[in-house]
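Please read the structure below before turning to the comments.
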Amino acid sequence: MLHRLLGIWHARDGGASIPWLDGTPMPGMAIHVQVEHIAELTASVIELIRSNIYLSTAPLIRLSLECAVNAVWWASDPTGVRASVHEAARQSRHLASAMARLRPDAHADTASIDGILSANADFVKTEARVFERRCRAIPDGQRLYTYYRILSEASHGGVPLLNEYSRQVPATASNPEGIALVQRPHYDHLEFALGTQVISFALALAAWDSVLPSHPDEAEIYELADSIGLGEMLRRATGRAATA
């Protein structure tokens, strides 16, 4: 399924025409980049699986889900891109301040960042700053946020990784807890994670197609989505329910 989604995307390599949304090409460019990055991440996930490396797919799939939510939100609300630009600049401003504390002698040119903040100050949205709010802004988004939380457990350092890198063995006098450490863990949620990658890629493809005037891949995307039970989810997310 992931190979077929890659095929749909790469069939138009080099031929992307960026649509103007809300009077600017910026939203279209931003949406296209999200889908392109999911395609790159999907290829990486496939290679990891081929190499019998499973747990390391989780952070890549989580990132794909973030990109998909961005694409769907921006397709439905193009002004959200300017809100996201403002948020990215705000984060860059904090980073510049932190770097200045590390290197007080180094000159930090923050004028360009301040210019971006000023130019986009009228587009501030909570959704750009808080991922859960971004999820809630799109249909079925709360479900996607739950998926995100599940993937997060294997995407950060911390206690949850103990579950993946250990297994139960018969207790002995020297190992009364009956716990053994393992290498190359299988990842307990692998099947779920790969399903989420399919959902993310399909959502992002549908979001991109929805902003193109001719909807060139709509029939193929929804035929595939319908075959795996995702059609209605994609239609709700993109607003193409009446025409798909």
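Here are the numbers:
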| quantity | calculated |
| --- | --- |
| Residues residue 50 and residue 167, FRET efficiency given R0 of 35 Å [Cβ-Cβ distance, rounded to 0.05] | 0.90 |
| Surface/4 estimate of mean projected area, convex hull on alpha-carbon atoms of the range 1-84, nm² | 5.9 nm² |
| Size of electric dipole in the range 156-218: Cβ of Lys, Arg +1 and of Asp, Glu -1, about Cα centre, debye, nearest 20 | 360 debye |
| Residue 74 - accessible surface, heavy atoms, 1.4 Å probe, Å² rounded to 10 | 20 Å² |
| For the chain, calculated [θ]222 nm from helices alone, where every DSSP H run of n ≥ 4 adds -39500 (n - 2.57) | -20000 deg cm²/dmol |
| Total formal charge among the other residues, if their Cβ is under 15 angstrom from that of residue 52, Lys/Arg +1 and Asp/Glu -1 | 0 |
| Surface accessible to a 1.4 Å probe, residue 126 within the full protein complex, Å² | 60 Å² |
| Dipole-positive endmost among 163, 201, 181 within the range 156-227 (Cβ charges, Cα centre) | 181 |
| Candidates 75, 173, 58, ranked by Gaussian network fluctuation over the chain, Cα under 10 Å, top entry | 173 |
| Euclidean distance between Cα centres, the range 111-156 to the range 193-209, Å | 18 Å |
| Debye, to nearest 20: dipole size of the chain, +1 on Lys, Arg Cβ, -1 on Asp, Glu Cβ | 520 debye |
| The range 38-95 - charge dipole about Cα centre, Lys and Arg +1 at Cβ, Asp and Glu -1, debye rounded to 20 | 160 debye |
| Within the accessible area of the chain (1.4 Å probe), percent carbon and sulfur | 54 percent |
| Residues of the chain: accessible area per residue with a 1.4 Å probe, Å² | 53 Å² |
| Extension reserve of the residue 112-residue 146 stretch, reckoned as 0.36 nm per residue once the Cα distance is removed | 8.6 nm |
| Heavy atoms of residue 103: accessible area, 1.4 Å probe, square angstrom to 10 | 130 Å² |
| Kirkwood-based shape ratio for the range 139-244, expressed as Rg/Rh from alpha carbons | 1.21 |
| Cα-based equivalent ellipsoid, the range 11-157: semi-axes from gyration tensor eigenvalues, Å | 28, 22, 17 |
| Nitroxide proxy distance, nm - points 7 Å out along Cα→Cβ at residue 232 and residue 136 | 2.4 nm |
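The values are calculated or read from the model by the stated rules, or taken from the named source; none is laboratory data. Here the structure is a predicted model, which means the values were calculated and not measured. Neighbour counts are summed over all protein chains in view; Cβ atoms, including those assigned to glycine, are modelled from backbone coordinates with ideal geometry. These accessible areas exclude ligands, DNA and RNA; they are computed on the full protein's heavy atoms, side chains included. Shrake-Rupley method; radii C 1.70, N 1.55, O 1.52, S 1.80 Å.
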